[in-house]
Amino acid sequence: GDDPTTLSSWMKAFESTGQLTITGKKLEIAQADFLSARADTSMTLSTIKEYHEKHDYMLCPHSAVGVSAIQQLKEINHSTVCLATAHEAKFPDACSMAVKPLPTPPVELSSLKNMKTRSSRCPNDAKVVQAFVEARIKERVDAEEGGVVSDGTEDGGTSSMKKLVTMAIVIGAIAVAAQVLMKRR
């Protein structure tokens with residue numbers, strides 16, 4: 001169940017030692033809900049190449065690690081879903097080690113090479129980061145629409161943005177909960 005004291009002690013121990021040790025009933029519960037596997041560079045590249053050859057689909061390296069894991073764990077069945085984490089065009093150096101020639105990247109991604117890199121610093125505070133992201137999105141929406149807010153609200157679209165952010169979080173939570181429930185069946 002909910003045990004914030006134990007969780008806090010685990011997090012502190014992990015921060016100081018780099019290790020997490022769970023035993024007893026809590027370990028049994030975790031092992032019932034979670035599986036793990038690893039993929040080194042060779043396995044990752046092999047998975048990228050295999051999926052490109054067999055399915056004409058390019059996996060990014062991170063997605064290939066996930067696909068390799070479900071293969072190793074023999075978790076591939078009619079209900080297995082493995083979500084791609086990124087477009088492979090973001091990792092041309094790694095992907096070209098598995099597939100040559102690489103597929104032509106979408107214009108939207110290839111144009112990024114010529115764009116200026118931007119960076120912003122925020123304190124480690126969820127509310128500050130959320131406000132920062134919302135402000136940047138509002139600036140871009142206003143710039144694209146010439147300052148006209150499409151939702152007609154007086155708050156400059158902030159309520160719409162909060163709804164979108166909240167919706168994304170809720171959908172993510174539902175997906176995780178559904179996976180846990182399906183695993184328990």
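Quick notes on this structure:
- At an R0 of 30 angstrom, the distance between the Cβ atoms of SER120 and PHE34 translates into a FRET efficiency of 0.30.
- Relative contact order for the chain: 14 percent, from Cα pairs under 8 Å spaced at least 6 residues apart, divided by residue count.
- 22 Å Cα cut-off, lysine pairs counted over the stretch 58-121 (separation 8 or more, or different chains): 4
- Accessible heavy-atom area order of SER63, SER79, highest first, probe of 1.4 Å: SER79, SER63
- Segment PHE14-LEU102, length gained on full extension (0.36 nm per residue, minus Cα span): 27.7 nm
- Accessible-area ranking of THR21, THR44, THR117, THR166, largest first, probe 1.4 Å: THR117, THR21, THR166, THR44
- ILE29 - accessible surface, heavy atoms, 1.4 Å probe, Å² rounded to 10: 90
- Area of ARG140 that stays accessible when all protein chains are in place (1.4 Å probe, Å², to 10): 130
- Neighbour net charge for ALA69 - beta-carbon separation under 11 angstrom, K R +1, D E -1: +1
- Label selected from (i) 12.7; (ii) 16.0; (iii) 11.6, the criterion being mean projected area of the Cα convex hull in nm² as computed here: (ii)
The values are calculated or read from the model by the stated rules, or taken from the named source; none is laboratory data. Predicted model, so just to flag it, every value in this text is computed and none were measured. Don't worry about glycine lacking a Cβ; one is built from the backbone with ideal geometry, like all the others, and counts go over all protein chains shown. Note: accessible area is taken over every heavy atom of the protein model, side chains too, but ligands, DNA and RNA are not part of it. Shrake-Rupley method; radii C 1.70, N 1.55, O 1.52, S 1.80 Å.
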